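The values are calculated or read from the model by the stated rules, or taken from the named source; none is laboratory data. Since the structure is predicted, the reported quantities are computational estimates derived from the model, not experimental observations. Here the Cβ positions follow ideal geometry from the backbone for every residue, glycine too, while neighbour counts run over all protein chains shown.
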Amino acid sequence: MIYKFFYTLLGIIILFTINSEAQMNNWEDLKAAIDNEASKIESSVIEWRRDFHQHPELSNQEFRTAGIVATHLKSLGFEVQTQVAKTGVVGILKGGKPGPVVALRADMDALPVTEELDLPFASKVKTTYNGQEVGVMHACGHDVHTSMLMGVAQILAKMKESLPGTIKFIFQPAEEGAFGEECWGAELMIREGILEDPKPDAIFGLHVWPVPVGEVGYCPGPFMASVDNLKIKVEGKGTHGAIPWQGVDPIVTGAQIVLGLQTIVSRNVALTEGGAVVTIGSFHGGARNNIISDDVEMLGTIRTHNEEARVLVHKKIEQLATNIAKANGAVAEVKIDKIYPSTINNPQLTQQMLPVLQQAAGKEKVKKVLPVMIAEDFSFYQREIPGMYFFLGILPPGTEPDKIEANHSPRFFVDENAIPVGLKALSYLAVDFLLHPNGY
Ligand code: NI
């Protein structure tokens, strides 16, 4: 009799549990569950982040990081794919109910930068990069991105049965670039099919950024620039520095080309449609004061906010450089390597998700920001599916403006109080999108 009673009671408890899980089908319940889980795992996320920070790995060498990520996702019961685009990891969380598919992305790689911060978990890792002995550092905060997405995976796994749809967790290698290789990072992951089977209906991602901790920055439309590498080689004719009329001076020609390039952005690009930059960062030619060299080589970077401007700028660089050289009796050879397209936030999706970001960070903390000229390979996902990328503030309160250290600085510092905001923002975005893929 006592057993019968016990089993009935157990049955009621199980039913109640299933029921309470099944009842969690509205936004407010799920949001409360996310908040609760997020507060529980915050300290684990900080531990993971510090561990990644102390063990940074360069692009396409994220073996240790990817291993930790894959083990974590498997422990949560996800379907896990490893070695995607070399070291990438993709985890799939299937909710208990049918629905859309949403993707969340974090990048895992660090930079060849020698850390100057005096932190107990500062990186002491050294490597040889481009023939130089240099440190390795998470100077762009990808350690924070990776550990937060691991946290989000754990939070959402806890409410799996209540989720209407599927969440794809993308841990991407080589966002900082694997130059010399044809294709890497986001582009290679897409080539290897991560946006298929199932195809996400939307993708979200964030970048830590030196604005006050707790703030979230969003920007509908063009947010970050395209980036392309430029190389111009000017072939002149070497001669004695005292008899320039017997040669063709590639330095004077190169100097004219550098000045000529300045008119592309100021005279040709429709700047009201978005920004553009052409910078020559390296100019090499000659070895001695009284010798006119045979040639000059220039290296530069090209940034634009839309594809039309990108095509136009490339065409004008080619035209100007070759024709200025020709006018001087020299020959210019222009080589442009396309790196990343412009990061363009889908305007409808951004509008739709804005209230969710406001709930995650607090309404007054969510700020519309101006587009920037740095680049991100999140743009490749956004070319395939609607996506929204945003900034998460990491600057300690009261930081003086002249003490701000930019991403990639050897003193780049992340206030870890940003982590709870990031956990909530990504979790809210994923769940809200599954509940209301077309808005309210
Ligand atoms: Ni970065």
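Overview of results
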item: Neighbours by Cβ (under 6 Å, 6+ apart or cross-chain): first from the range 286-306, over 18 Å from residue 268 (Cα atoms) and at pLDDT 95 or above; second of a type in the set (Lys, Arg) and assigned to a strand (DSSP E or B); result: 297/233; 299/231
item: The listed residue being farther than 23 Å from residue 266 by Cα and more than 16 Å from the ligand (Cβ to nearest atom), out of 360, 325; result: 360
item: Members of the range 98-127 found to be farther than 17 Å from residue 410 by Cα, surrounded by fewer than 23 Cβ atoms within 10 Å (Cβ to Cβ) and either small (Gly, Ala, Ser) or within 16 Å of the ligand (Cβ to nearest atom) (or both), listed by number; result: 99
item: Failed condition for residue 222, given (1) at pLDDT 95 or above; (2) surrounded by fewer than 19 Cβ atoms within 10 Å (Cβ to Cβ); result: (2)
item: Output for the range 349-371, where each listed residue is surrounded by fewer than 20 Cβ atoms within 10 Å (Cβ to Cβ) and in contact (Cβ under 8 Å) with a residue 60 or more places away in the chain; result: 351, 354, 359, 362, 365, 367, 368, 369, 370, 371
item: Filtered residues of the range 292-346 (kept if over 15 Å from residue 276 (Cβ atoms) and among the acidic types (Asp, Glu)); result: 294, 295, 297, 318, 333, 337
item: Selection status of residue 221, free of Cβ contacts under 8 Å to residues at least 12 places away in the same chain and farther than 30 Å from residue 118 by Cα; result: no
item: Close pairs (9 angstrom Cβ cut-off, 6 or more residues apart or separate chains): without any contact (Cβ under 8 Å) to a residue 40 or more places away in the chain in the range 162-186, surrounded by 21 or more Cβ atoms within 10 Å (Cβ to Cβ) and not in a loop (DSSP other than H, G, I, E, B) anywhere; result: 182/188
item: Residue selected from the range 226-244 under the condition touching a helix residue (DSSP H, G or I) at 6+ places or on another chain (Cβ under 9 Å) and buried (at least 21 other Cβ atoms within 10 Å of the Cβ), by the criterion farthest from residue 401 (Cα to Cα); result: 236
item: Residue match in the range 157-167 (condition: of a type outside the set (A, V, I, L, M, F, W, C) and either within 16 Å of the ligand (Cβ to nearest atom) or not assigned by TED's automatic domain parsing to the domain that holds residue 420 (or both)); result: no
item: Unmet requirement for residue 391, which otherwise passes all of (1) more than 16 Å from the ligand (Cβ to nearest atom); (2) assigned to a strand (DSSP E or B); (3) assigned by TED's automatic domain parsing to the domain that holds residue 191; result: (1)
item: Entirely in the range 295-386, the strands (runs of 3 or more DSSP E) that have 3 or more residues that are under 19 Å from the mean Cα position of the chain (by Cα); result: 295-304, 331-340, 343-345
item: Any pair with Cβ under 7 angstrom, 6 or more apart, that starts in the range 34-47 at a residue that is under 17 Å from residue 425 (Cβ atoms) and ends at one that is of a type in the set (Ser, Thr, Tyr); result: 34/427; 34/428; 38/427; 45/147
item: Filter result (buried (at least 22 other Cβ atoms within 10 Å of the Cβ) and of a type in the set (A, V, I, L, M)) within the range 197-219; result: 202, 203, 206, 208, 216
item: Hits in the range 106-134 (condition: among the aliphatic types (A, V, I, L, M), in a strand (DSSP E or B) and within 21 Å of the chain's Cα centre (by Cα)); result: 106, 110, 111
item: Hits in the range 394-405 - residues which are assigned to a loop (DSSP other than H, G, I, E, B), free of Cβ contacts under 8 Å to residues at least 12 places away in the same chain and of a type in the set (Asp, Glu); result: 400
item: So residue 415, is it acidic (Asp, Glu), away from the ligand (no atom under 16 Å from the Cβ) and either in a helix (DSSP H, G or I) or outside the structural domain of residue 162 (by TED's automatic domain parsing) (or both); result: no
item: Long-range neighbours under 6 Å by Cβ, at least six apart or interchain, first residue more than 15 Å from residue 365 (Cα to Cα) within the range 192-214, second of a type in the set (D, E, K, R); result: 195/384; 200/168; 205/105
item: Sole exception among (1) within 16 Å of the ligand (Cβ to nearest atom); (2) closer than 22 Å to residue 336 by Cβ for residue 205, by number; result: (2)
item: Candidate set: the range 131-143, residues that are within 16 Å of the ligand (Cβ to nearest atom) and small (Gly, Ala, Ser); chosen: the one nearest to residue 51 (Cα to Cα); result: 141
item: Count - residues of the range 111-123 that are under 19 Å from residue 58 (Cβ atoms) and in contact (Cβ under 8 Å) with a residue 60 or more places away in the chain; result: 9
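Here is a yes/no grid of residues against (1) more than 16 Å from the ligand (Cβ to nearest atom); (2) free of Cβ contacts under 8 Å to residues at least 60 places away in the same chain; (3) surrounded by 22 or more Cβ atoms within 10 Å (Cβ to Cβ):
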site	(1), (2), (3)
70	yes, yes, no
87	yes, no, yes
90	yes, no, yes
94	yes, no, no
129	yes, no, no
145	no, no, yes
155	yes, no, yes
